[in-house]
Amino acid sequence: MRAGEHLPDDQAELVLSTQVEEWIAENVDHSQWDEVLDDIVDLFTRPWGKHPLSNRSATDQLAGLNTTATLRGEYRLVFRSSISPDGTGLLEIIAIGPRSENRIYDAVNALIASGTLDEDVVQSIWDMLELYELTAQKHGLELWDYRPEPPPDGLMKSAVAIGALTQEIAEVLSIDELNAAIANAWDPDTGQLDPPRALAAALERVAGSPDPERLIALREEPRCGAAMPRAKAPCIRRRGHAGAHRATL
């Protein structure tokens, strides 16, 4: 996308290449991930980045790829931004590499030459964010901002019948969360039913949130539903959410 163009509602499906995922794991400390995410989140409102990745020679095929500086400006984050025929934004983070001696060009050219560029950009940003939960929440990429698939009626009724959870809370929990609540519904020392312990166990399955009222409020709101081009599924986050669409839990 060119300077001045915008993604629909500043939202997009955001995916990472295997190269990016591996590079972050090997080169970025937990304390530095905040800086990388700053640059990624900025792309939702400025999807043209800092400048285009230009072709240096006739063998380069880098048209349509943009860059932005990351990690104190010492590295380039290469990405491609587009809008699908369905009107959904797509941000593909393709490579990260050193700015010095233009070595980032070599990394991107290798992906193109191998013919794996398109297939390689497959990792959802949500897979990465589970490792950096606090940082993700700081940047508005809320891990709780979704509604899980409804659990079987029998499982929900069981949790309510034994007194582990209220009906209102049980209705918005996932299968895993309900199972965790039931398994931890009794105090191991006294054997007495302990609903707060059950709820804490359920919430700990995802984010350890101490605020069940907020969880319930978020999950009851209407869903986004944008058709995601890579995931081939609708977005399950709240309608009007900021930034990245999300297809799976």
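Yes/no matrix, rows are residues, columns are (1) at pLDDT 95 or above; (2) charged (D, E, K, R); (3) not in a helix (DSSP H, G or I):
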{"residue": "P150", "(1), (2), (3)": "no, no, yes"}
{"residue": "L165", "(1), (2), (3)": "no, no, yes"}
{"residue": "N179", "(1), (2), (3)": "no, no, no"}
{"residue": "P196", "(1), (2), (3)": "no, no, no"}
{"residue": "L199", "(1), (2), (3)": "no, no, no"}
{"residue": "V206", "(1), (2), (3)": "no, no, yes"}
{"residue": "S209", "(1), (2), (3)": "no, no, yes"}
{"residue": "R219", "(1), (2), (3)": "no, yes, no"}
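If you go through the stretch 19-51 and pick out every residue that is touching a residue at least 24 places away in the same chain (Cβ under 8 Å), surrounded by 14 or more Cβ atoms within 10 Å (Cβ to Cβ) and in a loop (DSSP other than H, G, I, E, B), you end up with 6.
Residue selection: S17 satisfies the criterion of being hydroxyl-bearing (S, T, Y), modelled with pLDDT under 85 and within 15 Å of the chain's Cα centre (by Cα).
The values are calculated or read from the model by the stated rules, or taken from the named source; none is laboratory data. On a predicted model such as this, the values are computed, not experimentally measured, just so you know. Positions of Cβ are backbone-derived with ideal geometry, glycine not excepted, and every protein chain shown enters the neighbour counts.
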